[in-house]
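Report on the structure given below.
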Amino acid sequence: MKEFLVFAILLIATIAGYTYSYVDYNIATFLVFIEVVGFLVYRDRSKVKLQGIVFMRRTKKGRDFIDRTANRHRTFWKTLGVIGVIIAIPTLILGSLFLANQAFAIASGEKEGGVRLLLPGPVSVPTSLPGTFVVPWWIWVIGVAFVIIPHEFMHGIMCRLDKVKIKSVGWILLAIIPGAFVEPDEKQLQRAKRSTRLKVYAAGSFANLVTGFIAIAI
């Protein structure tokens with residue numbers, strides 16, 4: 001109850017700040033986002049572990065859903081896994097060459113900028129800052145969800161197709177930056193066939209490519 005009371009007080013204070021024009025809409029909604037994340041983490045604190053600088057929450061929930069999904073259309077998923085490996089190899093090479101070319105262009109002064117940290121913030125439009133690129137928090141949350149969920153789900157699917165055990169699934173949190181994971185049995189995965197390992201390793205990035213092409217098409 002104490003954490004709920006603190007959350008309620010902070011929420012009321014944020015709403016009051018917006019109502020009386022102490023903070024604008026973007027700051028108010030961003031504060032609510034942080035307060036909700038903090039409340040959920042604190043409420044579940046007995047099951048959340050701090051590993052290094054990252055909060056991690058493991059659970060067994062979701063494993064059965066991954067199993068059912070993998071077993072429903074095994075031929076489809078296996079075909080997709082093979083396609084993922086075929087595409088991943090040249091993509092890895094081309095991506096490495098692209099990054100090397102961009103690094104050289106920046107170092108030589110032909111281009112400005114480079115890779116930046118993408119962060120959520122209390123802004124209404126994307127804003128460029130030194131070393132970072134800040135976008136409206138709700139756009140950031142949607143983007144992260146569309147990257148993480150297909151990525152980890154496909155890792156899990158490929159594991160279960162070849163009977164590699166999934167030890168747990170869960171989420172991670174670095175400050176307000178969330179992530180998710182599917183944790184396979186690493187020892188079992190290392191003993192699996194090379195083709196199995198390739199499919200598992202390539203699955204996440206391939207899922208992101210497919211998701212990206214679908215988004216572009218839409």
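The values are calculated or read from the model by the stated rules, or taken from the named source; none is laboratory data. Just so it is clear, the structure is predicted and the values come from calculations on it, not from any experiment. When we count neighbours, we look across all protein chains shown, and the Cβ atoms used for this are built from the backbone with ideal geometry, even at glycine. In case anyone asks, the SASA skips ligands and DNA or RNA and just uses the protein heavy atoms, side chains included. Shrake-Rupley method; radii C 1.70, N 1.55, O 1.52, S 1.80 Å.
Between ALA13 and PHE65, what is the FRET efficiency for a Förster distance of 41 Å, r being their Cβ-Cβ separation, to the nearest 0.05? Present the calculation step by step, with values, prior to reporting the outcome.
Working: r = 39 Å, r/R0 = 0.95.
Once the sixth-power term is evaluated, E becomes 0.60.
Carbon and sulfur together cover what percent of the accessible area of segment 104-218 at a 1.4 Å probe radius?
Ligands and nucleic acids excluded, carbon and sulfur reach 69 percent.
Please give the net charge around VAL169, taking every other residue with its beta carbon less than 11 angstrom from that of VAL169, where Lys and Arg add +1 and Asp and Glu add -1.
+3
From the Cα trace of the chain, what convex hull volume per residue do you get, rounded to a whole Å³? Mind showing how you got there, number by number?
Details: hull volume 39.6 nm³, N = 218.
Expressed per residue, the convex hull around the Cα atoms of the chain is 182 Å³.
At 0.692 mPa s and 37 °C, plugging the Kirkwood radius over alpha-carbon pairs of segment 98-182 into Stokes-Einstein gives what diffusion coefficient in µm²/s?
210
Could you give the size of the charge dipole of segment 54-115 about its Cα centre, using +1 on the Cβ of each K and R and -1 on the Cβ of each D and E, expressed in debye and rounded to the nearest 20?
Working: 10 positive and 4 negative charges, 155 e Å.
In total the dipole reaches around 740 debye.
Please give the contour-minus-distance gain from VAL32 to LYS193: 0.36 nm per residue of separation, less the Cα-Cα distance, rounded to one decimal in nm.
53.2 nm
May I ask you to list, by number, the DSSP H helices of the chain whose Cα span along the axis is at least 20 Å and whose average Kyte-Doolittle hydropathy reaches -0.5 or more?
Membrane-span-like by this criterion, though nothing is claimed about a membrane: 2-19, 25-43, 74-107, 137-161, 194-217.
Could you give the length gained by full extension between ALA100 and LYS167, i.e. 0.36 nm per residue of separation minus their alpha carbon distance, to one decimal place? Spell out each step's value before the answer.
On the way: separation 67, 0.36 × 67 = 24.12 nm, distance 3.67 nm.
Computed gain between ALA100 and LYS167 is 20.5 nm.
Please say if segment 47-107 is rounded, prolate or oblate, where rounded means a/c under 1.5 for a ≥ b ≥ c the square roots of the C-alpha gyration tensor eigenvalues, and otherwise the choice is prolate for a/b larger than b/c and oblate otherwise?
Since a/c reaches 1.5 but b/c is at least a/b, the shape of segment 47-107 is classed as oblate.
Out of PHE30, PHE146, ALA192, whose Cα points farthest toward the positive end of the dipole of the chain (charges: +1 Lys, Arg; -1 Asp, Glu; placed on Cβ)?
The one lying farthest along the dipole's positive direction is ALA192.
Would you please name the chymotrypsin sites (Phe, Trp or Tyr not before Pro) within segment 6-68 that are DSSP coil residues with at most 11 other C-beta atoms within 10 Å of their C-beta?
Here the sparse-neighbourhood loop sites are TYR20.
Report the extension gain between ARG43 and ALA107 in nm, rounded to one decimal, defined as 0.36 nm multiplied by the number of residues separating them, less their alpha carbon distance.
18.3 nm
Pick out, from PRO178, ASN71, SER46, the residue whose Cα sits farthest towards the positive end of the charge dipole of the chain, with +1 on the Cβ of Lys and Arg and -1 on the Cβ of Asp and Glu.
Toward the positive end, the furthest listed residue is ASN71.
Segment 1-56: which trypsin sites (Lys or Arg not before Pro) are DSSP loop and have at most 15 other beta-carbon atoms within 10 angstrom? Can you show the working numbers first?
Numbers: sites: LYS2, ARG43, ARG45, LYS47, LYS49; in loops: none.
Listed in order of number, the matching sites amount to none.
Work out the length of the dipole vector of the chain about its Cα centre, built from +1 on the beta-carbon of each Lys and Arg and -1 on the beta-carbon of each Asp and Glu, and round it to the nearest 20 debye.
Value, rounded to 20: 1420 debye.
What shape does segment 1-89 take by its C-alpha gyration tensor, where a ≥ b ≥ c are the square roots of the eigenvalues and a/c under 1.5 counts as rounded, a/b above b/c as prolate, and the rest as oblate?
Taking the square roots of the gyration eigenvalues as a ≥ b ≥ c, segment 1-89 is prolate.
Given charges of +1 on the Cβ of Lys and Arg and -1 on the Cβ of Asp and Glu, with all other atoms neutral, how large is the dipole of segment 41-150 about its Cα centre, in debye to the nearest 20?
940
Would you please state which residues of segment 151-174 a label at GLU186 would reach in this model, taking the label point 7 Å out along Cα→Cβ and a backbone N cut-off of under 19 Å?
Of the residues in segment 151-174, 152, 155-156, 159-160, 164-173 have backbone N under 19 Å from the label point off GLU186.
Work out which GluC sites (Glu not before Pro) in the chain are exposed loop sites (DSSP not H, G, I, E or B, at most 10 other Cβ within 10 Å) and give the longest gap free of them.
The longest such stretch corresponds to 1-109.
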